[in-house]
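Asks: Here it is: the structure, laid out below.
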Amino acid sequence: MLIQCGALPLTLAIIYVMASFRFPVDYLTVAVLQGLLAAALTWKLALAPWWRAIQLLFPLAVLTALALHLPSWLAGAVFLLLLGWYWSTFRTQVPYYPSGPAVWDAVRQLLPRQGRDGQAPRAIDIGSGLGGLSLYLARVRPDADICGIELAPLPWLVSWLRARLAGSRARFVRGDYERLDFSQFDLVFAYLSPAAMSGLWRKAVAEMCPGSMLVSYEFIVKERSPDSIIDATEGGVPLYIWYF
C-alpha cells in the first residue's frame with residue numbers, strides 16, 4: 001500500500017502533463033500507469049518478483065471491482081480470509097509452502113523405529129499448514145507420536161478438523177514453533193523460507209539432543225553443510241538433513 005501511495009504523485013503528474021497536451025485520459029489509463037509505476041518502484045526496492053505482478057494488477061483490480069459494483073462487505077470478507085490464512089507472514093517471512101506425497105514418504109523413511117529414550121519416536125512438522133505431512137505419518141506410522149504446529153489460524157483449523165474427521169492420531173497445535181522445546185523431538189521437519197533458516201538453526205543447535213535430526217525441504221542453512229541430502233521429488237528439490 002505504501003508503494004501504491006508512493007507511485008500516486010508521479011501518476012498524477014504524468015496525467016496532468018498528458019491532459020495539458022490534450023492526450024485522451026480515462027480511468028483505465030490512470031490504472032495502467034499507476035500499476036506500471038508501482039511495479040517499477042517494487043523492482044527498484046528489490047522486493048520479491050511476485051510483488052511486481054501484485055503492484056501492477058492492483059489498480060486494475062480496484063477499477064474492475066468498482067465497475068462490477070461489488071458490495072463493500074466483500075472486501076472485508078476477503079481481508080479476513082487472507083488474514084486468517086497468512087496471519088503473521090509479514091513478521092516470520094514464511095508464506096504458505098505446501099509439500100507433497102513424495103516428500104512425506106521421504107520423511108517417513110527417515111523417521112526412526114524408536115525414539116532416543118526407547119519409546120515411540122516423536123516428530124513435529126513446524127509450519128504444518130493444512131496438515132498433510134503429519135496426517136500421512138500418523139497413518140503409515142501408527143507407532144509414532146506425530147505433531148504439527150501452525151501459527152496461522154485458518155490452516156491450523158483446517159488441519160485440526162481433518163484430523164478429527166479422519167480419526168487420526170496426529171496432533172495439531174496452534175502457535176509459534178519458536179516457543180517449542182525441540183529437545184522433546186527425534187525429528188524436526190521444516191519447510192519454511194530462506195529468511196527463517198538462520199534462526200531455525202540457532203534454535204536447533206541450542207535445543208536438539210544427540211541422536212535427533214533436523215530435516216529441511218528445499219531451504220538450506222548457511223552455518224553448516226547438511227550431513228545428508230535426499231532428492232525427494234522428480235524435480236530434484238532436495239531434503240537436507242542434519243544429525244545431532
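Asks: Taking 8 Å as the Cα distance limit and 6 or more residues as the minimum spacing, I'd like the relative contact order of the chain as a percentage. Kindly include the intermediate steps, with their values, before the conclusion.
Replies: Values: 368 pairs, mean separation 32.7, N = 244.
In percent, rounded to a whole number, it is 13.
Asks: A further question on this structure: How large is the charge dipole for the chain, taken about the Cα centre, if only the Cβ atoms of Lys, Arg (+1) and Asp, Glu (-1) carry charge, to the nearest 20 debye? The partial results should precede the final answer.
Replies: Values: 20 positive and 17 negative charges, 63 e Å.
So the dipole magnitude of the chain works out to roughly 300 debye.
Asks: Based solely on its DSSP helices, what 222 nm [θ] is calculated for the chain when runs of n ≥ 4 H residues each add -39,500 (n - 2.57) and the sum is averaged over all residues, nearest 500 deg cm²/dmol? Kindly include the intermediate steps, with their values, before the conclusion.
Replies: Values: 9 runs with 119 residues, N = 244.
So the helix-based figure for the chain works out to -15500 deg cm²/dmol.
Asks: Label segment 165-244 by shape, choosing from rounded, prolate and oblate, from the square roots a ≥ b ≥ c of the eigenvalues of the Cα gyration tensor; if a/c is under 1.5 it is rounded, and otherwise prolate applies when a/b is larger than b/c, oblate when it is not. Don't skip to the answer; put the middle values down first.
Replies: Working: a/c = 1.60, a/b = 1.16, b/c = 1.38.
Note, shape of segment 165-244 comes out oblate.
Asks: Given a 10 angstrom Cα cut-off, can you work out which residue in Leu28, Leu157, Leu83 is the most mobile in a GNM of the chain?
Replies: Leu28
Asks: Turning to a different aspect of this structure: If you line up the long axis of helix 2-20 against the longest principal axis of the chain, both from Cα atoms, how many degrees apart are they, to the nearest 10?
Replies: Approximately 20 degrees, to the nearest 10.
Asks: Can you order the peptides 1-11, 68-78 by their average number of other Cβ atoms within 10 Å per residue, highest first?
Replies: Result, highest mean first: 1-11, 68-78.
Asks: Moving to a separate point now. Quick check: net charge around Ile124, other residues with Cβ under 15 Å of its Cβ, Lys/Arg +1 and Asp/Glu -1? Write out the running numbers ahead of the final one.
Replies: Details: positive: Arg108, Arg116, Arg122, Arg141, Arg169, Arg171, Arg174, Arg179, Lys203; negative: Asp125, Asp145, Glu150, Asp176, Glu178, Asp181, Asp186, Glu207.
Here the count lands on +1.
Asks: Sort the following peptides by mean Cβ neighbour count (other Cβ atoms within 10 Å, averaged over residues), highest first: 164-177, 45-58, 124-137.
Replies: Working: 164-177: 16.0, 45-58: 14.0, 124-137: 24.3.
Those peptides, ordered most packed to least, come out 124-137, 164-177, 45-58.
Asks: Starting from the Cα of Phe244, step 7 Å along the direction of its Cβ; do the same at Ser20; then give the gap between the two resulting points in nm.
Replies: 6.5 nm
Asks: Right, another one. What is the distance in Å between the Cα centres of segment 47-110 and segment 168-244?
Replies: 25 Å
Asks: Right, here's the next one. Under a Cβ-only charge scheme (Lys and Arg +1, Asp and Glu -1), can you give me the dipole magnitude of segment 101-243 about the Cα centre, in debye to the nearest 20? Don't skip to the answer; put the middle values down first.
Replies: Details: 16 positive and 16 negative charges, 80 e Å.
It comes to approximately 380 debye.
Asks: Using only the Cα atoms of segment 101-243, what semi-axes does the equivalent ellipsoid have when each is the square root of 5 times a gyration tensor eigenvalue? Give whole Å, largest first. Walk me through the numbers before you get to the answer.
Replies: Working: eigenvalues 91, 57, 51 Å².
Equivalent ellipsoid semi-axes, largest first: 21, 17, 16 Å.
Asks: Across the chain, where is the longest run that never hits GluC sites (Glu not before Pro) in a DSSP loop with at most 12 other C-beta atoms within 10 Å?
Replies: Values: sites that count: Glu223, Glu234.
With a cap of 12 other Cβ atoms within 10 Å, the longest stretch comes to 1-222.
Asks: Here's another thing I want to ask about it. With angles folded into 0 to 90 degrees, how steeply does helix 153-166 sit against the dominant principal axis of the chain? Use alpha carbons for both and round to 10.
Replies: Helix 153-166 and the main axis of the chain meet at about 40 degrees.
Asks: Where does helix 101-110 land angle-wise versus the long Cα axis of the chain, in degrees 0 to 90, nearest 10?
Replies: The two axes meet at around 30 degrees.
Quick note: the coordinates plus some simple rules give every number you see, no bench work behind them. Every value quoted in this text rests on a predicted model; they were computed, and no experiment measured them. Don't worry about glycine lacking a Cβ; one is built from the backbone with ideal geometry, like all the others, and counts go over all protein chains shown.
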